[in-house]
Amino acid sequence: MDLKVNDYTTDDGVTVITVEGEIDVYTAPKLREKLIDLVNKGKFHLLVDMEKVEFLDSTGLGVLVGGLKRVRAHDGSLELVCTQERILKIFRITGLTKVFGIHTSIAEAEEKRKSAG
């Protein structure tokens, strides 16, 4: 399965990265390159939309954690949109629900950002 990774920036300056497919040892480098590229371009507030992710392994988790470390070095944020139980379970088991903000939709993430800011 191929991994599709696209991005766009919202009106309030958050870069949304839509990911579709499987994030595994073979495809994770594509996501890593996208995250590095965005940070290098000064995009420090990232929202990864994982609604169309069918599989996530430890390599994929490592890429997301690495991305989080990169943006935090610039006082940024990396949050996730995910409602799929099989993917959420991976974040719960690894304790990463305490590390990442996980939202049910892009709209919910935007609302929380506005109310926090």
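The values are calculated or read from the model by the stated rules, or taken from the named source; none is laboratory data. Since we're looking at a predicted model, the values are computed, not measured. Using ideal geometry, Cβ is built from the backbone for each residue, glycine included, and neighbour counts are taken over all protein chains shown. Keep in mind that these areas ignore ligands, DNA and RNA; they rest on the heavy atoms of the full protein, side chains included. Shrake-Rupley method; radii C 1.70, N 1.55, O 1.52, S 1.80 Å.
Computed quantities for the displayed model
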read-out: 15 Å beta-carbon shell around residue 105, net charge (K/R +1, D/E -1); value: -2
read-out: Rounded if a/c under 1.5, otherwise prolate or oblate - the range 62-114, Cα gyration tensor axes; value: oblate
read-out: Length-normalised contact order for the range 15-105 - Cα pairs under 8 Å, 6+ apart - percent; value: 32
read-out: Solvent-accessible surface ranking, highest first, for 103, 45 at 1.4 angstrom; value: 45, 103
read-out: Under 11 Å, Cβ to Cβ, from residue 79 - net charge with Lys/Arg +1 and Asp/Glu -1; value: -1
read-out: Stokes-Einstein D (µm²/s) once Rh is taken as the Kirkwood radius of the range 15-105 over alpha-carbon pairs, at 10 °C in 1.306 mPa s; value: 123
read-out: Prolate/oblate/rounded label for the range 1-45 (Cα gyration tensor, a/c 1.5); value: oblate
read-out: Alpha-carbon centroids, the range 28-50 and the range 62-78: separation in whole Å; value: 9
